[in-house]
Amino acid sequence: MTRLSAITPSGHAHLGNHLGAIRRWATQGRPGDLYFVSDLHAMTVSYNPARLRVLSRELLAVLVAAGIEPDQVFVQSDLARELGALSWILECTCSYGEAARMTQFKQKSEGQGMVRLGLMTYPVLMAADILLQGAAEVPVGDDQAQHVELARSLARRFNQTYGEVFTVPSAVMPPTAARVRDLADPARKMSKSTQDSAGTVFILDDPDLVQRKIKRANTDSLNRVEYRPDEQPGLANLLEILSACTDTRPKDLAEQYASYGAVKAATADAVVEVLRPVRERALELLADPAELDRIRKEGAHRAAERGAHRLSSAMRLAGIGS
Ligand code: ATP
Ligand code: MG
């Protein structure tokens, strides 16, 4: 049973992405699971093309460096032709109302100057991502559950209207993982798309920079090392990060340290060690473009092959193609 997960190159991958998603994909994933860099999804808002290309490559390198098998990864735009065709078929299976009422579309389009049509149709492209690969399960957070529900409706509707082609996918809720908060502003989560990088530890940051960012993390003036997320969110975030790195409960960790400085030093060291092998392997891959190209090409080939039969059946049933 294939599970499909994606990560969008909307910025550099960070510690939250690693502890909350990538590390788990690498260690708890199953051999048939698939992971892709969703660069087409990054185009739904204003973006820089040269930067998108660099970030996509970097993210592919990070996924492989984190230990995901190269034969389980691909870059979405390498399937642009297949996905374009399937997306169109699914757009013609989807009603305007269904797409327009997606909560994320309503939220993200609010207050934007030019709302790209792709921002509204991207859940349909996401349905194409899922249905092309025949994924049965899609692990998602709350914000994406509605999109998987749409993919489910479109698969069912297509199957009923034209003929059985698609596996009907289900959203699965991943077990709760660390929710890493921004070090400078613990009120918000660490994000790829945050403009100010002082509170974000990127996977490829060099160890000195990681140390500095963590040592400058925002805490409070209570000077009590306790695990109280509501009263001491900055300190709690550090304890949760240290917990995710050491597999020890935050509450137990709080008892081991006498000062904020000691918590910061231990967290910085632990984070540097957790990221070290990923960073080193990713930098090696990025310095070896031929190897990264080979991984990318093979991934694209396999992903296209996997979907080829489904796409041609869907086209035939929809009355298009030769
Ligand atoms: P963006 O700002 O573009 O939304 P992001 O950093 O939120 O980027 P996503 O691409 O939305 O990253 O999410 C990729 C994966 O990383 C998801 O599985 C998500 O749950 C996980 N993730 C993202 N941010 C964090 C975080 N701060 N802590 C833990 N997990 C996170
Ligand atoms: Mg996000």
Count, please, the residues in the stretch 254-279 that happen to be free of Cβ contacts under 8 Å to residues at least 60 places away in the same chain and closer than 21 Å to GLU69 by Cβ. 0
Output yes when any residue across the stretch 223-239 is within 11 Å of ligand 1 (Cβ to nearest atom) and not small (Gly, Ala, Ser), and no when none is. yes
Any residue at all in the stretch 84-98 that is within 16 Å of ligand 2 (Cβ to nearest atom) and buried (at least 18 other Cβ atoms within 10 Å of the Cβ)? no
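Test THR267 against the stated conditions and say whether it is crowded, with 20+ Cβ neighbours inside 10 Å and either at pLDDT below 95 or among the hydroxyl-bearing types (Ser, Thr, Tyr) (or both).
The answer is yes for THR267.
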I want to confirm something. Restricting to the stretch 11-45 and keeping residues that are touching a residue at least 60 places away in the same chain (Cβ under 8 Å) and not in a helix (DSSP H, G or I), which single residue is farthest from ligand 2 (Cβ to nearest atom)? LEU34
Kindly check whether there is at least one residue in the stretch 43-54 that is assigned by TED's automatic domain parsing to the domain that holds ALA136, of a type in the set (A, V, I, L, M, F, W, C) and crowded, with 22+ Cβ neighbours inside 10 Å. no
Keeping to the stretch 1-10, report how many residues are assigned to a loop (DSSP other than H, G, I, E, B) and either away from ligand 2 (no atom under 16 Å from the Cβ) or among the hydroxyl-bearing types (Ser, Thr, Tyr) (or both). 4
Since PRO207 meets every condition but one in (1) in contact (Cβ under 8 Å) with a residue 60 or more places away in the chain; (2) within 12 Å of ligand 1 (Cβ to nearest atom); (3) surrounded by 14 or more Cβ atoms within 10 Å (Cβ to Cβ), which condition does it not meet? (2)
If I filter the stretch 155-167 for residues that are closer than 21 Å to GLN76 by Cβ, within 16 Å of ligand 2 (Cβ to nearest atom) and buried (at least 18 other Cβ atoms within 10 Å of the Cβ), do I get at least one hit? no
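The values are calculated or read from the model by the stated rules, or taken from the named source; none is laboratory data. In this text, all values refer to a predicted model and were calculated from it rather than measured experimentally. Cβ atoms come from the backbone with ideal geometry, glycine included; neighbour counts cover every protein chain shown.
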